[in-house]
Amino acid sequence: MKITAKVVAISVVALGVFVYKLDVLPSFNNVVSSSASTPGQSPEDEAQQAKMEPFIQCINGVDSIWGERYQIYRGMYADFVRGGPTPNLRARFYLTMHGDRYQGAKTCIAGLEKGIKATPADPELDKAGEAYLQTLRELLPLITELDTYYDQQSYRDDNKARGKALDEQIGSLFERLFSASSQMHKIISGRNLDMQRKMLAAMEKENGKDIWWQTENVMLQARVAVDAIEALSTSGKMSAESVQVVETAYTKAYEEAKAYGEANRPAAGTAKTAADPFWFDIASTADSLALSIKTLRRDQGDGKKNVSRDLDDITRSFNRLVERYNERNQMRQRYIASTGR
């Protein structure tokens, strides 16, 4: 059984949490000023954002790790049943938090239990969340046993019997989990893009196209670009010309942010805090995504060479951008909370 679990990160608007392309999402918690509110965000959007957050945390915090680990496990298991190097079969599905190897999954479960019940009701998202929740509840104890089984090399005591039984059980569960996750991601990505566009308009109205606006615009256009390339790939309509359209739109956003940042660098010796704009902390990863898209366009022009590799590079570049953005954004939020600004 082959399960595809490529991830694209998610971030959600507050402003700011992005999602992966497995798919992962961003968490939106950026602010335009030193206040803790997002300008122009309606109470309805705030409630929707709060509801989505636990879904996003599950996609980013569980699937982004388990998707890769499961692919590694499948290759190792194939060697295992053929009599290969069994001591290397340690996929380690750990989601360690606070010393608990599986706290990440437990946190996801607790968050989804609340998120599904939270208002506003969202039948489409709640249904996908419930499917994900029930599957994860079934999968977690089996994963815990699986890790222990191979960590302790228990297959040497039962001639691999329990390992084979566990493999049969987890295969269909992972398929269900990734299917539910994909549905959640699709729904949340759509909601996120709508909120991002609203907030960008509000940011521009309040402060113009400042460095915060430029940063969020790059993240929005990155998401749009990756989704567009995925759609081209799925539809079979990918060509140098169609990728060029995507490249032009994203590169424009990136170059405008780069130019604004260079023209408005803080004066030398200016004291810096975690609450300051972090465009320069993500600029290099934004540039890497631009290069990945450009490479795909060039290879399309050269006779559709290296398509699979190029798409993987775009996914990795986007995920690195999202991870860096989310990391800096979370540092900013913690700093603001600690100072009461």
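The values are calculated or read from the model by the stated rules, or taken from the named source; none is laboratory data. Here the structure is a predicted model, which is why all the values come from computation and not from measurement. FYI the Cβ positions are ideal-geometry reconstructions off the backbone, even for glycines, and counts take in every protein chain you see. Ligands, DNA and RNA are stripped out before the accessible areas are found, and what is left, the full protein with its side chains, is counted by its heavy atoms. Shrake-Rupley method; radii C 1.70, N 1.55, O 1.52, S 1.80 Å.
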Length released on extending from Lys186 to Ala50, taking residue separation times 0.36 nm less the Cα-Cα span: 47.2 nm
Considering only protein heavy atoms, what is the solvent-accessible area of Lys294 at a probe of 1.4 Å, reported in Å² to the nearest 10? 50
Testing the spin-label approximation: label points 7 Å from Cα along Cα→Cβ at Ala110 and Thr144. State their distance in nm. 1.4
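Can you tell me the length gained on complete extension of the stretch Ser235 to Asn306, counting 0.36 nm per residue apart and subtracting the Cα distance?
Values: separation 71, 0.36 × 71 = 25.56 nm, distance 1.79 nm.
Computed gain between Ser235 and Asn306 is 23.8 nm.
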For labels at Arg334 and Asp287 in the simple 7 Å Cα→Cβ model, what's the distance in nm? 2.7
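Among the listed pairs Lys51/Lys198; Lys117/Lys205; Lys209/Lys258, give every one whose C-alpha distance is greater than 24 Å.
Working: Lys51/Lys198 18 Å; Lys117/Lys205 35 Å; Lys209/Lys258 13 Å.
Those over the limit are Lys117/Lys205.
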Report, in whole Å, the centroid distance computed from the Cα atoms of the range 193-249 and the range 114-155. 32
Cα→Cβ-extended label distance, 7 Å offset, between Ala161 and Glu130, nm: 3.9
So the angle from the long Cα axis of helix 64-81 to the longest Cα principal axis of the chain, reported in degrees to the nearest 10, equals 30
Among the lysines, select those whose C-alpha is under 26 Å from the C-alpha of Lys237, and discard any that sit fewer than 8 residues away in the same chain. Lys2, Lys6, Lys21, Lys186, Lys252, Lys294, Lys304, Lys305
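Tell me, what are the semi-axes, in whole angstrom and largest first, of the equivalent ellipsoid of the chain as set by the roots of 5 times the Cα gyration tensor eigenvalues?
In descending order the semi-axes read 36, 25, 19 Å.
Given a Förster distance of 45 angstrom, what is the FRET efficiency for Asp194 paired with Arg82, based on the Cβ-Cβ distance and rounded to 0.05?
Details: r = 49 Å, r/R0 = 1.10.
In this case the efficiency is close to 0.35.
Taking 0.36 nm per intervening residue step and subtracting the Cα-Cα distance, what contour gain separates Asn264 from Lys294 on full extension? Each step should come with its number before you reach the end.
On the way: separation 30, 0.36 × 30 = 10.80 nm, distance 2.73 nm.
Taking Asn264 through Lys294 to full extension adds about 8.1 nm, to one decimal.
Return the percentage of antiparallel bridges among DSSP beta bridges fully within the chain, rounded to the nearest 5 %.
Values: 9 of 11 bridges.
In the chain, approximately 80 percent of DSSP beta bridges are antiparallel ones.
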